[in-house]
Amino acid sequence: MMEQLADRTAVVIGGAQGIGRGIALALADEGMQVAVLDIEAAVAERTAKELAAKGVRAIGLRVDVTDETSLAQAAAAVEAALGPVHVLSNNAGVSAPQGPITEKRDADWQWVFSVNLFGIVKAVQAFLPGMRRHGQGAHIVNTSSMAGLIAVPELRVGVYTASKYACTAYCEILRAELAPENIGVSVLCPGLIDTELSRTSARNRPDHFGGPLPTPGPMPEEMRKVAMQPEEVGPIVVRGIRANRLHILTHPEMSIPMVEARFAAIRDDAEGELADRRR
């Protein structure tokens, strides 16, 4: 487990704003030096300056998680500037516009999975060799969602949900594989957080995935009133790292009954099949 965080190095990908920024702030409060990596370089640099004002070393770099070369260059730059990486937070994420899953184009599926799943896989592949080299223990936190545990058709974010389910499964397997190397793995499953995910997704969608989309409206005010602030997520993640939790949940009071209901439905179907066999 990662008991010592102070004076060690953290990388937060997708760390310029939203949940990523909240995680970066919390890690800086623990005395970690932090590399803020993001597709939006100017915002990453701005957040790094905010962290540096706390008295820690911080840098901001542009990275494209769909590009192995970009990630490899970022990994080398971080190690040269801040030393070996002990905590990796993969927080970059996108979402396709709401709508029926059967009406989503191939570009929607490719764009969302290229960031939400394969972007995490590629980032781990870029930073894991360095974590193994220093041999001091490390921790990886990959951001999924409550949508990576529970499918809610009424939300009409089926492509996003499918990508997050895949992310959760990847983390659960990765954890088992890396545990013997003293490298912990957690999957962060946030509930409703007041972020700009839909807006940043729309403006940063590259041309080869269909290009930028019209900017959606802000989160409805009634949802914003009950949403958790991104800065509140960071301390939850720090506690999850220290406890080496597999699933880090921002809204446990909501998650427990929803997860129980899902697995109760699976159990009911299994028991139904057993009953049919006995007839």
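Figures for the structure shown
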| quantity | calculated |
| --- | --- |
| q = 0.08, 0.11, 0.14, 0.17 Å⁻¹: log10 I(q)/I(0) that the Debye formula gives for the chain, counting C-alpha atoms only | -0.33, -0.61, -0.98, -1.42 |
| Dipole magnitude of the chain, debye to nearest 20 (Cβ charges: Lys/Arg +1, Asp/Glu -1, about Cα centre) | 220 debye |
| Between 0 and 90°, nearest 10: helix 252-278 axis offset from the chain longest Cα axis | 40 degrees |
| Positive dipole terminus of the range 9-253, leading residue within 247, 56, 149 (C-beta point charges) | 56 |
| Built amide H within the under 5 Å cut-off of residue 141, gap 5+ | 88, 89, 90, 186 |
| The range 35-117: GluC sites (Glu not before Pro) in DSSP coil with no more than 11 other Cβ atoms inside 10 Å | none |
| Distance between the range 117-172 and the range 54-97 - C-alpha centres, whole angstrom | 15 Å |
| 28 Å Cα cut-off, lysine pairs counted over the chain (separation 8 or more, or different chains) | 5 |
| Sparse-neighbour loop sites [trypsin sites (Lys or Arg not before Pro); the range 44-93; at most 15 other C-beta within 10 Å; DSSP] | 54 |
| With Cα atoms, 0 to 90° folded angle of helix 106-116 axis to the chain main axis | 50 degrees |
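Each value in this text was obtained by applying a stated rule to the coordinates, not by laboratory testing. Computed from a predicted model, the values in this text were never measured in an experiment. For neighbour counting, all protein chains shown are included, and Cβ atoms are generated from backbone atoms with ideal geometry for every residue, glycine included.
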